[in-house]
1. So which cysteines of the chain have no other cysteine's Cβ under 4.7 Å from theirs?
2. How much area per residue is accessible in the chain when the probe is 1.4 Å and only protein heavy atoms are counted (Å²)?
3. Could you go through the range 24-32 in sequence order and give the Karplus-derived ³J(HN,Hα) for each residue, using 6.51 cos²θ - 1.76 cosθ + 1.60 with θ = phi - 60°, rounded to whole Hz, and x for Gly and Pro?
4. Rolling a 1.4 angstrom probe over the protein chains, ignoring ligands and nucleic acids, what is the accessible area of Asp2 in square angstrom, nearest 10?
5. Quick one: helix 58-73 against the long Cα principal axis of the chain, what's the angle to the nearest 10°, folded into 0 to 90?
6. In the chain, what percent of the accessible surface is made up of carbon and sulfur (1.4 Å probe, ligands and nucleic acids excluded)?
7. What number does the chain give for Rg over Rh if you use C-alpha atoms and the Kirkwood radius?
8. Simple spin-label model, 7 Å along Cα-to-Cβ: Ala77 to Ser109 in nm?
Amino acid sequence: MDCVFCQIIAREIPSDILYQDEEIIAFRDINPQAPTHLIIIPKRHIPSLSHLSEAESSLIGNMVNVANQLAKREGVAESGYRLAINCGEQGGQLVSHLHMHLLAGRQLSPQLG
Ligand code: 5GP
Ligand code: ZN
């Protein structure tokens, strides 16, 4: 498996892991686009949001709960943050393992695309 995020989960690539449970892991983005830039992913390799089955959709709620918890821990819950999931080529997804970005720590542009 040459998936970089699966390699992070397997500890084959070092990363700054901030959270993990049986389903989800979170770590700092290697190329942060804001003072706080975290990545929240399922441990199971799901290539993108469009590969998520209806039966698995509770995973997204659990990822949001983890993100909210981490936003508190990072001290950005009050100042604000953005959660983003890029899906597919035109959605700007570069790593083909479903992931949620948590961006915070500066005024983010209201423009999304
Ligand atoms: P995407 O464009 O696919 O939504 O975002 C992928 C994100 O993963 C990018 O922000 C990129 O900086 C991050 N990333 C890619 N490779 C690595 C890595 O090896 N370690 C960490 N911590 N982040 C990575
Ligand atoms: Zn993967």
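The values are calculated or read from the model by the stated rules, or taken from the named source; none is laboratory data. Keep in mind it's a predicted model, so treat the numbers as computed, not measured. Positions of Cβ are backbone-derived with ideal geometry, glycine not excepted, and every protein chain shown enters the neighbour counts. Calculation scope for accessible area: heavy atoms of the full protein, side chains included, ligands and nucleic acids excluded. Shrake-Rupley method; radii C 1.70, N 1.55, O 1.52, S 1.80 Å.
1. Flagged as lacking a Cys partner: Cys87.
2. 60
3. Each residue of the range 24-32 in turn: 10, 9, 9, 8, 7, 5, 6, 10, x Hz.
4. Accessible area of Asp2: about 140 Å².
5. Relative to the chain, helix 58-73 is tipped by roughly 40 degrees.
6. 50
7. 0.94
8. 3.0
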